[in-house]
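The next block holds one structure in the form of structure tokens; read it before the comments.
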Amino acid sequence: MKHVAVTQEEIDVRHLIEWVQDRNCGAVCTFMGTVREFTHGKRTLYLEYEAYQEMAEKMMEKIGDEVLEKFQCTKIAAVHRVGRLDIGEVAVAIAVSAPHRKDAFQGCRYAIDRIKEFVPIWKKEYGEDGSYWVGCNC
Amino acid sequence: MKHVAVTQEEIDVRHLIEWVQDRNCGAVCTFMGTVREFTHGKRTLYLEYEAYQEMAEKMMEKIGDEVLEKFQCTKIAAVHRVGRLDIGEVAVAIAVSAPHRKDAFQGCRYAIDRIKEFVPIWKKEYGEDGSYWVGCNC
Amino acid sequence: MIKLQTKVKVLCFAGLGEAIGKCVEIPVDSEISVSELRERLISTYPEHERSIRSCMIAVNHEYVTQETAIKTGDQIALIPPVSGG
Amino acid sequence: MIKLQTKVKVLCFAGLGEAIGKCVEIPVDSEISVSELRERLISTYPEHERSIRSCMIAVNHEYVTQETAIKTGDQIALIPPVSGG
């Protein structure tokens, strides 16, 4: 079972954890990507995330299916936030349940790696010297 | 920075997450070990955990130090519960923050592997056919 | 073979969306491949060639190959290198 | 060399704690190694030999080797294979 969303709302990882918990799972692994203040000594003031929402959700569903197929995972919930995010706020959260811990870790790691690789979401970094789209040639 | 505990109280992973979050961390990984109902088709009714409390906490501190030394992790919080635990309840929870996700995952995985290997805590499984100490020759 | 002129709407995101607009219309023949569409975009926005070339192209929310044929009503999007998470 | 008889308290856990008690007292000489203590325990509780042999021994909350010398006032514990998490 999977649940994915791209949302403007604050992410509460508790809801994801509750959603994935299962009587036959002994393991829940979660990952949260949060807004970091300093990267290589450069200060970030805040970020703005933009998504191609329908496609992003569709890709996240696909990643969810992959996790459930490739690993012995039972449930996965993944939410990515868009809009303005301040330092410390959660940009993405994933929770994965599995009977055993190895699978929960692998599934969760796989999900965030794939999200960062393929899901059409972009961040614009606002720093002390102005703003730029991260990783873009634009 | 590390925070560890062995407790009778219900574990709320939110507190661990809040404790490890840090302005300079972009990643938080958590693991929860929960009481599973079925293992290899055998039903568990509930578990009872016993700890050698002082030593368990000391060992968990040591594991915390190892995580902070071996990986680029910033903070770790780990709590193990003792006493009677029903199906679905959280027996152990770990949260690790790091600037980058790879380290957060590795640190969290390392911590639970070490806890399960070395920390003097034992579980007694109560099933439909009676009870036994898991992994013990007693 | 008669080629009908039509327009394809292309969604743009991130820096590219800011630079050329979030939804641009490109006049095309009725039959066009993804790589042909990319060349039309580049000739329409030559100053953004580098950034257009760095994009993947999605048709109906799926990444597609260069050879994919675009059909009327398809939702086309230019996907710059992603940076979510 | 005069050997003084004294008693060492040994904490026991899990199934072993249930079987022989959570805190047993073993009379020992004033100088005794961990492996000697284990043999004393086995001769005191021969029916639990297998389970005593499967234990690690902790002195003052640290796992120790067989050769470690036990001193007066040390906190000794028999640690059966752990099963936390």
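The values are calculated or read from the model by the stated rules, or taken from the named source; none is laboratory data. Note that this is a predicted model, so its numbers are computed, not measured. Positions of Cβ are generated from backbone atoms using ideal geometry, with glycine treated the same way; all protein chains shown enter the neighbour counts.
On the basis of being hydroxyl-bearing (Ser, Thr, Tyr), more than 29 Å from B:Val92 (Cα to Cα) and facing chain B (nearest Cβ under 10 Å), does A:Thr39 make the cut?
Numbers: hydroxyl-bearing (Ser, Thr, Tyr): yes; more than 29 Å from B:Val92 (Cα to Cα): yes; facing chain B (nearest Cβ under 10 Å): yes.
Yes; evaluated as a whole, the condition is true for this residue.
For the range C:62-76, what are the residues that are assigned to a loop (DSSP other than H, G, I, E, B), within 14 Å of another protein chain (Cβ to nearest Cβ) and not hydrophobic (A, V, I, L, M, F, W, C)?
Kept after step one, since they are assigned to a loop (DSSP other than H, G, I, E, B), are these residues of the range C:62-76: C:64-68, C:71-75.
With the extra rule that they be within 14 Å of another protein chain (Cβ to nearest Cβ), the set shrinks to C:64, C:74-75.
Hits for the range C:62-76 are C:Asp74, C:Gln75.
Taking the range A:82-111, which residues are within 13 Å of A:His3 (Cβ to Cβ) and part of a strand (DSSP E or B)? First the steps, then the outcome.
Taking the range A:82-111 first, the residues within 13 Å of A:His3 (Cβ to Cβ) are A:93-97, A:111.
Across the range A:82-111, the qualifying residues are A:Ala93, A:Ile94, A:Ala95, A:Val96, A:Ser97.
Matching residues to (1) within 14 Å of another protein chain (Cβ to nearest Cβ); (2) at pLDDT below 95; (3) surrounded by 17 or more Cβ atoms within 10 Å (Cβ to Cβ):
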residue: D:Lys7; (1), (2), (3): no, yes, no
residue: D:Ala14; (1), (2), (3): yes, no, yes
residue: D:Lys22; (1), (2), (3): yes, no, no
residue: D:Val28; (1), (2), (3): no, yes, yes
residue: D:Ile42; (1), (2), (3): yes, no, no
residue: D:Cys55; (1), (2), (3): yes, no, yes
residue: D:Asn60; (1), (2), (3): yes, no, no
residue: D:Leu78; (1), (2), (3): yes, no, yes
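So, of the residues in the range A:103-126 that are among the basic types (Lys, Arg), facing another protein chain (nearest Cβ under 7 Å) and under 20 Å from A:Glu48 (Cα atoms), which turns out to be nearest to the chain's Cα centre (by Cα)? Break it down stepwise before answering.
Step one: list which residues in the range A:103-126 are among the basic types (Lys, Arg), which gives A:109, A:114, A:116, A:123-124.
With the extra rule that they be facing another protein chain (nearest Cβ under 7 Å), the set shrinks to A:109, A:116, A:123.
In the following step, the residues that additionally are under 20 Å from A:Glu48 (Cα atoms) were identified as A:116, A:123.
Working: A:Lys116: 8, A:Lys123: 13 Å.
Only one residue fits best here, namely A:Lys116.
Could you check the range A:64-81 and list, in sequence order, the residues that are touching a residue at least 40 places away in the same chain (Cβ under 8 Å) and either surrounded by fewer than 24 Cβ atoms within 10 Å (Cβ to Cβ) or in a strand (DSSP E or B) (or both)?
Of the residues in the range A:64-81, the ones touching a residue at least 40 places away in the same chain (Cβ under 8 Å) are A:64-68, A:70, A:74-81.
Passing the criteria: A:Asp65, A:Glu66, A:Leu68, A:Lys70, A:Thr74, A:Lys75, A:Ile76, A:Ala77, A:Ala78, A:Val79, A:His80, A:Arg81.
Looking at (1) surrounded by fewer than 19 Cβ atoms within 10 Å (Cβ to Cβ); (2) more than 26 Å from D:Glu49 (Cα to Cα); (3) within 14 Å of chain D (Cβ to nearest Cβ); (4) in contact (Cβ under 8 Å) with a residue 40 or more places away in the chain, which one does B:His100 not meet, given that it meets all the others?
Going through (1) surrounded by fewer than 19 Cβ atoms within 10 Å (Cβ to Cβ); (2) more than 26 Å from D:Glu49 (Cα to Cα); (3) within 14 Å of chain D (Cβ to nearest Cβ); (4) in contact (Cβ under 8 Å) with a residue 40 or more places away in the chain one by one, B:His100 breaks only (3).
Is it true that some residue in the range B:26-34 is surrounded by fewer than 21 Cβ atoms within 10 Å (Cβ to Cβ) and closer than 18 Å to B:Val92 by Cα?
No, there is no match, as no residue in the range B:26-34 is surrounded by fewer than 21 Cβ atoms within 10 Å (Cβ to Cβ) and closer than 18 Å to B:Val92 by Cα.
With the structure loaded, tell me whether D:Val24 is touching a residue at least 40 places away in the same chain (Cβ under 8 Å), among the aliphatic types (A, V, I, L, M) and farther than 19 Å from B:Gly135 by Cβ or whether it fails that test.
no
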